[in-house]
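The values are calculated or read from the model by the stated rules, or taken from the named source; none is laboratory data. Quick caveat, the model's predicted, so the values are computed rather than measured. Note that we place each Cβ from the backbone using ideal geometry, even for glycine, and neighbour counts take in every protein chain shown.
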Amino acid sequence: MTERARAQAGRLRAALDAHHPAWQTGELELVGSGLDAAVFRAESRAFGPVAIRVPWTRWISNDNDPSLDARELLVKELLLANHMNRHGVPAPRAFALHTGADDLDFLVSAYVPDDASDPDPAALGAMLRLIHGVPITAEIAHALDVGDLARTLAGRITDRLDVVRRLSGAALPAVPAEALRAIAAAAHYRPAVLHMDFRRVNLRIVAGEIRGVLDWSNALVGDPALELARVAEAGERDPRFDTGYQLHGPPPAALDALYRLDTAVMLAVVFLSEAPEPAPAKRQVERVAALLAALGWR
């Protein structure tokens, strides 16, 4: 355990002892550590085996997302995980949310084991289709409302393109946000809840069976084709995945390229700034340029 994680475990232990003695958790074991949060496993008298997600800081700021409230993300996780769980998706049940005056917030959820096995790609596709078929209640729609989705996509793509130009020095073409918005606005689809980070690191798998779908902080309501493009760009989709999803044909080429660009530019920023890796960053910048060219901007 790193010094940072050890310090966070100490703060978490103090908060549990002071505010939630009835939960009575044992030793805190670090089982996950990402850019935004640490996850600890413990045994709780009240809940049994639990995973406790603790953001490193209240406010998250990076080149992809300049201002995110980690507390709001935990609230979103609690809502989405329990909603999905009620509708047959194996999202670990969220038991309780603690919000502290000192901005030490944490979410207590059921712990789901993982044996590092790989799932069948068709099962991955079927799971994503199951997620996309879950009903959207008024509460979910309100929680995931990002306004005009086409305008949101266009705005974040252009903002992130500016970041990629600045950090990479690449001579990427200028793209009018309104032109991107027009492509996205032409999409016809049945709105669905999109996970938007559907990859192995956010799945709990035992003997090849998907036992848990984690981390709903990026979820939104939108076009399922947007998420399918994201999974493809992340390298986790193949023909077997599409068979499991029961996919019948791709979206229009321009729309698919725009949806893929949304992911490619996000990944470029990750590898240029948040988790710098020169070789993947170079590949992602080249991918961004290729998708812009496919859309007519060179």
Those residues of the range 98-110 which are farther than 12 Å from PRO55 by Cβ and of a type outside the set (Gly, Ala, Ser) amount to ASP102, VAL108
Does at least one position in the range 254-276 carry a residue that is of a type in the set (D, E, K, R), modelled with pLDDT of 95 or more and loosely packed, with under 13 Cβ neighbours inside 10 Å? no
For the range 218-233, indicate whether the set of residues that are within 15 Å of the chain's Cα centre (by Cα), among the acidic types (Asp, Glu) and at positive phi is non-empty. no
Check: Is it the case that ASP223 is in the same structural domain as LEU258 (by TED's automatic domain parsing), under 19 Å from LEU79 (Cα atoms) and out of contact with any Leu (no Cβ under 7 Å at 6 or more places or on another chain)?
Finding: no
Pairing a residue in the range 56-72 that is modelled with pLDDT under 90 with any residue that is among the hydrophobic types (A, V, I, L, M, F, W, C), where Cβ atoms lie under 7 Å and the two sit 6 or more apart in sequence or on different chains, gives SER67/TRP59
Scanning the range 12-24 residue by residue, those surrounded by 12 or more Cβ atoms within 10 Å (Cβ to Cβ), over 12 Å from HIS98 (Cβ atoms) and in contact with a Lys or Arg (Cβ under 9 Å, 6 or more places away or on another chain) turn out to be GLN24
When the range 48-60 is checked residue by residue, the ones that are surrounded by fewer than 18 Cβ atoms within 10 Å (Cβ to Cβ) and touching a strand residue (DSSP E or B) at 6+ places or on another chain (Cβ under 9 Å) are GLY48, PRO49, TRP56, ARG58, TRP59
